[in-house]
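Notes follow the structure.
The values are calculated or read from the model by the stated rules, or taken from the named source; none is laboratory data. Given the structure is predicted, the values throughout are model-derived calculations rather than measurements. So basically every Cβ, Gly included, is an ideal-geometry build from the backbone, and we count neighbours across all protein chains shown. Calculation scope for accessible area: heavy atoms of the full protein, side chains included, ligands and nucleic acids excluded. Shrake-Rupley method; radii C 1.70, N 1.55, O 1.52, S 1.80 Å.
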Amino acid sequence: LQRRLYRRTRKAMQRMSFIPGKAEREFFHQAKGHLYFGRPAALALADSFVLKMGVRHASLYQLMLAALSEGDIIDVWFGLRDPKEGEEVYEDGELIGHTWAELTQKATGTKKVLWEVGRATAELPSSKLVQAFNAYRDALAHHLNTALPKPWNIPKDEEEEENESPNMGDKSRPPISRALSPSNLFFSAGVMWYFVDLSMDDDTMLLSVPMAAQDAIMLAALIAAAKGTPPTVFAVYQNQPLGRMPDSFMHATWAESADEPEEGEIIIIG
């Protein structure tokens, strides 16, 4: 599995026109709830998704190169099940499950949870959603070699919901975007483009290229190990290929629960 993931990262940057489909849909069913990678795949991730993005990402690239020593392993676990008797049944049908990434350092034997997400994790705040939409449209404009669209005003989150870990608010298990929740991975990975924020601060957003869910998971885990905090991750669902500039967006935490996007509209999952 690790060799296959290594080959994926070497090829992913060769195309901006990535189209999700059957392979992405089947990956998480075949992986049986677990994937892992070590330093060789981490270096390939850094080279493929960060180095080729230019000088603005030099600091992050250096941190990623140093994040894993030889023998260190990052495991990502994901599972899904129906609610049991007495457990809350969500109206939108989202099932119970967590996705979490864990770093094991060979030299000391210590383990650290890099991030975790479940259906109880808070959604991305409005400011991040608008940031994501603006950054997505800017990246698309550069790809299409067209004029940059006027950015939306970023709202101030007046009563931002505390984004707690699904593990009872345990601060040792930092939360990450709902885009990586198991329901999205198992049911919707085949119809969504994933993006990871490569910026070094919260005030800006520098997007990765569009990628498959499994690549986003690995990249988000490595960036969390490098920076000490999880990056912003979101997915885009639309009923047309990446290549047409959207005018607006809707938001959902689970793609299966979202209404079909209208013409000129995308759905941001996170």
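Working note: Cα gyration tensor of the chain, eigenvalues times five, square-rooted, sorted largest first, giving semi-axes of 26, 24, 18 Å. Each of Gly79, Leu35, Phe49 was placed along the dipole of the range 29-139 (beta-carbon charges, centred on the mean Cα), and the one lying farthest toward the positive end is Phe49. When the Cα gyration tensor is reduced to axis lengths a ≥ b ≥ c, the ratio a/c is 1.5 or higher for the range 13-138, and with a/b not above b/c it is classed as oblate. Note on His34 and Asp47: the extension gain reaches 2.3 nm, defined as 0.36 nm multiplied by sequence separation minus the Cα-Cα distance. Taking a straight Cα-Cα cut-off under 22 Å and skipping sequence neighbours fewer than 8 places away in the same chain, the lysines within cross-link reach of Lys156 are Lys128. Once a ≥ b ≥ c are taken as the square roots of the eigenvalues of the Cα gyration tensor of the range 70-164, is the result rounded (a/c under 1.5), prolate (a/b larger than b/c) or oblate (a/b not larger than b/c)? Verdict is oblate for the range 70-164.
Bridgeable lysines around Lys84 (alpha carbons under 24 Å apart, same-chain partners fewer than 8 residues away excluded): Lys32.
What size of dipole, in debye to the nearest 20, comes out for the chain about its Cα centre when the only charges are +1 on Lys and Arg C-beta atoms and -1 on Asp and Glu C-beta atoms?
Details: 28 positive and 37 negative charges, 392 e Å.
Charge dipole, the chain, about its Cα centre: 1880 debye, nearest 20.
Keeping every protein chain present and rolling a 1.4 Å probe, give me the accessible area per residue for the chain in Å². Before the final figure, lay out the partial values.
On the way: 13110 Å² over 270 residues.
Here the residues of the chain average 49 Å² of exposed surface.
Roll a 1.4 angstrom probe over the protein heavy atoms and tell me the percent of accessible area of the chain that is carbon or sulfur. The computed percentage sits at 49.
Of the complete DSSP H runs in the chain, those spanning 24 angstrom or more by Cα along the long axis with a mean Kyte-Doolittle score not below -1.0 are 126-144.
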